[in-house]
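Asks: Here it is: the structure, laid out below.
The values are calculated or read from the model by the stated rules, or taken from the named source; none is laboratory data. Values in this document were obtained by computation on a predicted structure and should not be read as measured data. Cβ placement follows ideal geometry from the backbone for every residue including glycine, while neighbour counts extend to all protein chains displayed.
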Amino acid sequence: MKILIKNGHIVDPSQEIDAPGDIVIENGKIKEIILETSPGRVPAPGLDIQSFTVIDASGFHVFPGLVDMHVHLREPGFEYKETIKTGTRAAVHGGFTSVCCMPNTNPVNDNETVTEFILRKAYADGACYVFPIGAITKGQKGEELAEMGMMAEAGCVAFSDDGRPVMSSLVMRRALEYSRRFDLPIISHAEDEDLSSGGVMNEGRVSLQLGLRGIPSEAEVVMIKRDIELAKLTGGRLHIAHVSTAGGVRAVREAKKEGLPVTAETCPHYFTLTEDAVKGYRTEAKVNPPLRTTGDIEAIREGLVDGTIDVIATDHAPHHRDEKLCEFDRAAFGISGLETALPLSLSLVREGVLTLSDIARKMSLNPSTILGLGKGSLKTGSDADITILDLKKGWKVEPERFLSKGKNTPFEGFVLEGLPVITICKGQVYEREDR
């Protein structure tokens, strides 16, 4: 298929482009970008315009396809929550063209057989690209290293026990050492379970008011600092998942100042909502790590600005409605985030915290670079993974309209601004009906 995207404002930090122009796509690849100031602006000499599908992007911004390095697709084993088919459809709906799925499935993705199953299903059913993340330990029990070498050969792009921490410092050390052979990062779910045990929300004023057991911020900070020290010891690449605390931001910042191979991510709910969202025992706002304080939000925003936090990920964690419609203590942790992440992140642009180029870097280029995916760019010859945004489109969050099976979101009823109106991936053009 030949596609011509005309008159869009192109934002591609990999080439330092932030200007109006056109993009020529042939055979699923970027053939050419012609900026407004370029000689021979499209239709360029020799371009048979009649043979192209033309997309008029006037008034829209054109990004490299978004890359989410932290999603839970639930398949195999928990298909009642999400499947690869529904999860990738939700991803494309949210502007994502590549997603990396965590291993806490059933069975756990701790061997090449499960990895290969995920890749086969993604090839058959996936609306976007799927990159598996393998477990660090067998069964995610934190006791014995999984078959990391075989999983790497099968197609895993990183290793994590996300959903659970690796409590053993020795096991985490060995994981960092072993992963160096494949130059793949270890993604840390930074939580000291001895400190967080039984906790269901942030420990503080609101947990005291509600009579709920809290999770102190130190449960995150202690483990981040431990894993940074192990990265220093081993030279292994460490990525800190879902940073939610000011102390966590400070720890990562200091590690980067030392030149350690440490990167980090946060999620939109951690720079948007505070622990107050839990008031009324709202299980939709129950996440792990929990929503924190205004001070933590400010620190995370500062970390995004100064580059301490490299990536905005979703931690998309869909659940069946019954797992949220219950007592707060019993409710599952998690937010269905793929379809709200980009508009929530764009709020940082409207508030002057980040630029559009920053958003493209943290939601496309950086996650791809950290995991070596070869995505996140509009350079000539790159895969034509593209997200076209209408920054002015206002819309109301209505979970029943999500394409994900997971309707669990604390943002229900929010009126957001900004929408991915067209997503191009794997040679397909997906256009939102509500554009």
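Asks: Mind checking which residues of the range 314-324 are part of a helix (DSSP H, G or I) and among the basic types (Lys, Arg)?
Replies: ARG321, the sole residue that qualifies.
Asks: Hey, among the residues in the range 322-364 that are of a type outside the set (A, V, I, L, M) and touching a Leu at 6+ places or on another chain (Cβ under 6 Å), which one's farthest from LYS407 (Cα to Cα)?
Replies: That would be SER364.
Asks: Please work out which residue is surrounded by the most Cβ atoms within 10 Å (Cβ to Cβ), limiting yourself to the range 122-136 and to residues that are within 12 Å of ASN109 (Cβ to Cβ) and not hydrophobic (A, V, I, L, M, F, W, C).
Replies: GLY134
Asks: Check THR308 against each of (1) part of a loop (DSSP other than H, G, I, E, B); (2) surrounded by fewer than 22 Cβ atoms within 10 Å (Cβ to Cβ) and name the one condition it does not meet.
Replies: Unmet for THR308, out of (1) part of a loop (DSSP other than H, G, I, E, B); (2) surrounded by fewer than 22 Cβ atoms within 10 Å (Cβ to Cβ): (2).
Asks: Can you tell me how many residues in the range 76-120 are touching a residue at least 60 places away in the same chain (Cβ under 8 Å) and acidic (Asp, Glu)?
Replies: Summing the residues that are touching a residue at least 60 places away in the same chain (Cβ under 8 Å) and acidic (Asp, Glu) in the range 76-120 gives 1.
Asks: Looking at the range 328-357, which of its residues are touching a residue at least 40 places away in the same chain (Cβ under 8 Å) and charged (D, E, K, R)?
Replies: Listed by number, the residues that qualify are ASP329, GLU339, ARG350.
Asks: Which members of the range 205-221 meet the condition of being within 27 Å of ARG174 (Cβ to Cβ) and surrounded by fewer than 19 Cβ atoms within 10 Å (Cβ to Cβ)?
Replies: Matches in the range 205-221: GLU218 only.
Asks: If you don't mind, there's one more thing I want to ask. When the residues of the range 231-246 are narrowed to those that are surrounded by 20 or more Cβ atoms within 10 Å (Cβ to Cβ) and either small (Gly, Ala, Ser) or modelled with pLDDT under 95 (or both), which ends up farthest from PRO289 (Cα to Cα)?
Replies: Checked the range 231-246; the qualifying residue farthest from PRO289 (Cα to Cα) is GLY236.
Asks: Check ARG401, ARG361, ARG321, ARG350 and return the single one that is within 19 Å of ARG89 (Cα to Cα) and basic (Lys, Arg).
Replies: Result: ARG401 is the single residue among ARG401, ARG361, ARG321, ARG350 that is within 19 Å of ARG89 (Cα to Cα) and basic (Lys, Arg).
Asks: Next up: Within the range 392-409, track down each residue that is acidic (Asp, Glu) and in contact with an Asp or Glu (Cβ under 6 Å, 6 or more places away or on another chain).
Replies: Within the range 392-409, no residue meets the criteria.
Asks: Specify which of the listed residues (ILE25, ILE34) is within 23 Å of VAL429 (Cβ to Cβ), modelled with pLDDT of 95 or more, part of a strand (DSSP E or B) and touching a strand residue (DSSP E or B) at 6+ places or on another chain (Cβ under 8 Å).
Replies: Exactly one residue qualifies, and that residue is ILE25.
Asks: Would you mind stating whether THR263 is touching a residue at least 24 places away in the same chain (Cβ under 8 Å), of a type in the set (Ser, Thr, Tyr) and farther than 20 Å from ILE186 by Cα?
Replies: No, not satisfied.
Asks: Quick check on the range 139-152. Is at least one of its residues in contact with a Ser or Thr (Cβ under 7 Å, 6 or more places away or on another chain), exposed (fewer than 15 other Cβ atoms within 10 Å of the Cβ) and in the same structural domain as ASN109 (by TED's automatic domain parsing)?
Replies: yes
Asks: When LYS392 is evaluated against the numbered criteria (1) surrounded by 15 or more Cβ atoms within 10 Å (Cβ to Cβ); (2) in the same structural domain as GLU26 (by TED's automatic domain parsing); (3) among the charged types (D, E, K, R), which criterion, by number, is the only one it fails?
Replies: (1)
Asks: Separate question: List the number of the failed condition for ASN288; all other conditions in (1) touching a Leu at 6+ places or on another chain (Cβ under 8 Å); (2) of a type outside the set (Ser, Thr, Tyr); (3) under 18 Å from ARG330 (Cα atoms); (4) surrounded by fewer than 24 Cβ atoms within 10 Å (Cβ to Cβ) hold.
Replies: With (1) touching a Leu at 6+ places or on another chain (Cβ under 8 Å); (2) of a type outside the set (Ser, Thr, Tyr); (3) under 18 Å from ARG330 (Cα atoms); (4) surrounded by fewer than 24 Cβ atoms within 10 Å (Cβ to Cβ) applied to ASN288, the lone miss is (1).
Asks: Checking the conditions here, which among MET1, MET102 is under 24 Å from MET150 (Cα atoms), of a type in the set (A, V, I, L, M) and either surrounded by fewer than 24 Cβ atoms within 10 Å (Cβ to Cβ) or under 27 Å from the mean Cα position of the chain (by Cα) (or both)?
Replies: So the residue among MET1, MET102 that is under 24 Å from MET150 (Cα atoms), of a type in the set (A, V, I, L, M) and either surrounded by fewer than 24 Cβ atoms within 10 Å (Cβ to Cβ) or under 27 Å from the mean Cα position of the chain (by Cα) (or both) is MET102.
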